[in-house]
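Working notes, structure below.
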Amino acid sequence: MKCACVLLAVLALAGCERSMHDMYRQPRLDQGEASPLFPDGRGERPPPAGSVPVAAGTLAMTSSGRKGRELPLAWQVASERQALPAVTDTLLARGQERYGIYCLPCHGAVGDGDGPVVRRGFPHPPSYHEQRLRDAPDRHFHDVITNGYGIMHSYADRVPPQDRWAIVAYIRALQFSQQAPVAQLPPAVRAKLPGGGPAGGPR
Ligand code: HEC
């Protein structure tokens, strides 16, 4: 009798294990998978406009999720910011890296709108060095990344708010780099200019 009970229990558990596996195998769309269900062909759906994440990042997965809740708060603060935060080397380095990934393909390494995608036929974006964009407020660049602009898509789902400001800081550095007054350059850089330094002459 005892033996039969153990056997029954083992069989029941085995059945349970099988149905769990059936649950693993249910139809689903993995990250990045395409789906014909939606007009844009993407299986991943962007969150509805205005939705605010409760927690984010790897720390959202921890048991309390407390650390993960700090990130959306930081996003909210960054989203409401109207102008650049204090520019540090770390912010600029982050901006340069993110710009290289998300913007350079079209806007080009120096921001003149001549990136590799444009050279292959994509419409030419305006140069960041035209007067209108030099005069534009910091927030305009943040908003273009968030909402897109004309035929340029929004990058809100790939570039979180803090990174948008890092990119804006880098764009400001690019704008400066193309029209920097010689007098404002550090002596070491000035020395490398053709005829500008003590050594003189182009190299
Ligand atoms: C796939 C190509 C592409 C990528 C990638 C891209 N852009 Fe653009 N961007 C464009 C085009 C094209 C325009 C011009 C759109 C129009 O006027 O219809 C534009 C316009 C702009 C403008 C000018 C808006 C104005 O006031 O005229 C800014 C600023 C800008 N992009 C910033 C960015 C930033 C920052 C990134 C990276 C996060 C980025 N773009 C990524 C193609 C791109």
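The values are calculated or read from the model by the stated rules, or taken from the named source; none is laboratory data. These numbers come from a predicted model, not from an experiment. For neighbour counting, all protein chains shown are included, and Cβ atoms are generated from backbone atoms with ideal geometry for every residue, glycine included. Protein only, heavy atoms only, side chains kept; ligands, DNA and RNA dropped before computing areas. Shrake-Rupley method; radii C 1.70, N 1.55, O 1.52, S 1.80 Å.
Would you work out the charge dipole size for region 59-199 about its Cα centre, treating the Cβ of every Lys and Arg as +1 and the Cβ of every Asp and Glu as -1, and quote it to the nearest 20 debye? Let's see the in-between values first.
Values: 16 positive and 12 negative charges, 45 e Å.
About 220 debye.
Residue ranges 85-95, 43-53 sort as 85-95, 43-53 when ordered by packing (mean number of other C-beta atoms within 10 Å per residue, highest first). Remark on region 87-181: hydrodynamic radius 13.3 angstrom, per the Kirkwood mean of 1/r across alpha carbon pairs.
Each part gets one Cα centre, and for region 171-193 versus region 102-127 those centres are 23 Å apart. The alpha carbon gyration tensor of the chain gives principal lengths a ≥ b ≥ c with a/c of 1.5 or higher and a/b greater than b/c, which makes the shape prolate. Along the axis of the charge dipole computed for region 36-143 (Cβ charges of +1 for Lys and Arg, -1 for Asp and Glu, origin at the Cα centre), the listed residues Phe141, Ala78, Cys106 are led at the positive end by Ala78. Counted as membrane-span-like here are DSSP H helices of the chain whose alpha-carbon atoms extend 27 Å or more along the helix's own axis and whose Kyte-Doolittle mean is 0.5 or above; these are 2-24. Averaging the sequence gap over all C-alpha pairs within less than 8 Å and six or more residues apart, then dividing by the number of residues, gives the chain a relative contact order of 15 percent. In the context of the full protein assembly, Met23 retains an accessible surface of approximately 120 Å², using a probe radius of 1.4 Å and ignoring ligands and nucleic acids.
Quick one: order Tyr128, Tyr149, Tyr155 from most to least accessible surface, probe 1.4 Å.
Tyr149, Tyr155, Tyr128
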